[in-house]
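Peer 1: Take a look at this one; I'll ask things after.
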Amino acid sequence: MTTHHTITLPKNHISLFQNSKNLLAFSAGIDSSALFFLLVEYGISFDIALVNYATRPTSNLEAQHANALAQKYELRCFITQAPQFESHFEAEARKFRYGFFEEIIDTQGYDTLLTAHQLNDQLEWFLMRLSKGAGVSELIGLEPITQRRNYQLVRPLLEYSKAQLLEYLTKNNHPYFVDASNSDMHYERNRFRATFSDQLIATYQEGITRSLYYLRHDKIQLAQGYEIRLQIKELYIITLHAIASKVRAVDAVLKQSGYLLSAAQREEIKHHPTVVIGGIWAIVLEGMLLYIAPYCKPQMPKPFKEQCRLWKIPPKIRGYLYDKTISPQMIQSLIK
């Protein structure tokens with residue numbers, strides 16, 4: 001892996017990608033091209049999906065470019081042609097785009113959908129919501145990892161500006177297309193970008209990045225009282241900001257997996273540090289760290305058990321790690 005550029009993938013994202021089947025939402029523009037080549041650079045296995053809106057002269061060339069990249073790097077490439085939208089283009093295009101991605105995820109078994117949203121996108125969202133009146137939850141709309149129905153939506157580039165991504169592509173001589181529609185002032189997002197966000201980031205990027213980070217953590221504390229530190233497949237490690245948030249955190253995680261807690265189970269979770277719910281889910285509280293994982297009881301070799309003990313993995317969680325070949329050392333290194 002080369003190190004002459006400053007763009008890196010977050011460590012917890014790398015771990016997630018290495019243990020998942022990944023689909024990249026690709027457009028051939030600056031942002032998704034930067035993420036494409038970063039994934040290649042890190043040796044992450046992934047495939048790509050592109051929607052051809054046929055709204056500009058280069059649309060077909062971009063689709064051909066996506067196919068050529070997929071062939072070069074031995075990836076699968078999914079491409080679809082969007083219909084012509086009569087009105088509300090941005091909203092209709094987004095609905096169609098995610099419908100296409102989720103159909104691929106459902107039929108091909110992908111675990112994660114990667115998008116190349118970056119710092120400028122975050123600030124544009126913030127300013128658009130701010131101008132209309134919004135609270136913290138609405139102002140911080142782009143999260144690094146979002147759990148969807150049966151996959152995780154991951155945005156690894158939120159800390160980097162478009163200028164940084166362009167510099168990365170230029171330094172490494174990676175190909176990309178420039179989307180001419182980004183200069184179309186008919187779209188509200190482009191007006192905010194041209195008038196406010198690009199200039200603010202050019203001058204105050206460091207402070208804006210810190211502020212968005214702090215606001216995201218404030219949002220977690222205000223809304224939940226807990227923070228998901230790490231998720232790999234169905235293993236969750238959560239930091240509780242208050243013990244009273246324990247049941248709420250477990251309830252939220254299990255609901256995402258389609259499991260609803262009974263009143264009796266809530267009481268059991270509330271009063272006991274280690275429980276197995278319905279013989280299915282292991283829930284362990286150690287200090288303020290909450291572990292949640294499917295309950296497994298495979299035959300584990302003694303060296304693996306000893307490794308778990310050394311790295312302080314709760315006994316009820318070890319079976320799932322062994323079953324999914326997740327390293328105990330990796331878990332501890334990521335949550336430190």
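Peer 1: By its C-alpha gyration tensor, with a ≥ b ≥ c as the square roots of the eigenvalues, how is the stretch 60-106 shaped: rounded for a/c under 1.5, else prolate for a/b larger than b/c, else oblate?
Peer 2: Verdict is oblate for the stretch 60-106.
Peer 1: Going by the alpha-carbon gyration tensor, a ≥ b ≥ c the square roots of its eigenvalues, is the stretch 209-309 rounded (a/c under 1.5) or, if a/c is not under 1.5, prolate (a/b greater than b/c) versus oblate?
Peer 2: oblate
Peer 1: If Lys and Arg each add +1 and Asp and Glu each add -1, what is the summed charge of the other residues whose beta carbon sits under 14 Å from the beta carbon of N173?
Peer 2: Computed value for this residue: -1.
Peer 1: At a 1.4 Å probe, what is the % contribution of carbon and sulfur to the accessible area of the chain?
Peer 2: Heavy-atom surface of the chain belonging to carbon and sulfur, 1.4 Å probe: 52 percent.
Peer 1: If you plug each phi of the stretch 186-193 into the Karplus form 6.51 cos²θ - 1.76 cosθ + 1.60 with θ = phi - 60°, what whole-Hz ³J(HN,Hα) values come out, in order, with x for Gly and Pro?
Peer 2: 5, 8, 4, 4, 5, 5, 5, 5
Peer 1: Kirkwood Rh over Cα pairs of the stretch 17-84 into Stokes-Einstein at 4 °C, 1.567 mPa s: D in µm²/s?
Peer 2: D = 105 µm²/s.
Peer 1: Return the distance in nm (one decimal) between the two label points of a simple spin-label model at E90 and V136, each offset 7 Å from Cα along Cα→Cβ.
Peer 2: Once both label points are built, they end up 2.6 nm from each other.
Peer 1: Using a cut-off of 15 Å between beta-carbons, work out the net charge of the residues near P301 (Lys and Arg +1, Asp and Glu -1, P301 not included).
Peer 2: Once positives and negatives cancel, what remains is +3.
Peer 1: Once you keep just the Cα pairs under 8 angstrom separated by 6 or more residues, what percentage relative contact order results for the chain?
Peer 2: That works out to 14 percent.
Peer 1: Distance in nm between label sites at Q256 and Y204, each 7 Å beyond Cα in the beta-carbon direction?
Peer 2: With each label placed 7 Å out from Cα toward Cβ, I get 3.2 nm.
Peer 1: Can I ask one more? If you stretched the chain out fully between S327 and V276, how much longer would it get, using 0.36 nm times the residue separation minus the C-alpha to C-alpha distance?
Peer 2: 16.1 nm
Peer 1: While we're looking at this one, here's another question. Can you give the FRET efficiency to the nearest 0.05 for T170 and E267, using r as the Cβ-Cβ distance and R₀ = 56 Å?
Peer 2: That gives a FRET efficiency of 0.40.
Peer 1: Between K233 and V40, what is the label-point separation in nm under the 7 Å Cα-to-beta-carbon projection?
Peer 2: The modelled label-to-label distance comes out at 3.0 nm.
Peer 1: Let me ask you something else. Please work out the average accessible area per residue across the chain, using the 1.4 Å probe convention, and give it in Å².
Peer 2: 51 Å²
Peer 1: Follow-up question, since we're still on this one. Sort 164-173, 201-210 for me by packing, meaning the mean count of neighbouring Cβ atoms within 10 Å per residue, highest on top.
Peer 2: Top of the packing list down: 164-173, 201-210.
Peer 1: Net charge near D198, counting Lys/Arg +1 and Asp/Glu -1 over other residues with Cβ under 13 Å of its Cβ?
Peer 2: Net charge around D198: +2.
Peer 1: Could you tell me the center-to-center distance, by alpha carbons, between the stretch 225-245 and the stretch 24-73 in angstrom?
Peer 2: Cα centres, the stretch 225-245 to the stretch 24-73: 34 Å.
Peer 1: Going by a ≥ b ≥ c, the root eigenvalues of the Cα gyration tensor, does the stretch 38-185 fall in the rounded group (a/c under 1.5), the prolate group (a/b larger than b/c) or the oblate group?
Peer 2: Because its axes are fairly even, with a/c under 1.5, the stretch 38-185 counts as rounded.
The values are calculated or read from the model by the stated rules, or taken from the named source; none is laboratory data. All of these numbers come straight from a predicted model, not from anything done at the bench. Ideal geometry is used to build each Cβ from the backbone, glycine not excepted, and the neighbour counts take in all protein chains shown. For accessibility, only protein heavy atoms count, side chains too; no ligands or nucleic acids. Shrake-Rupley method; radii C 1.70, N 1.55, O 1.52, S 1.80 Å.
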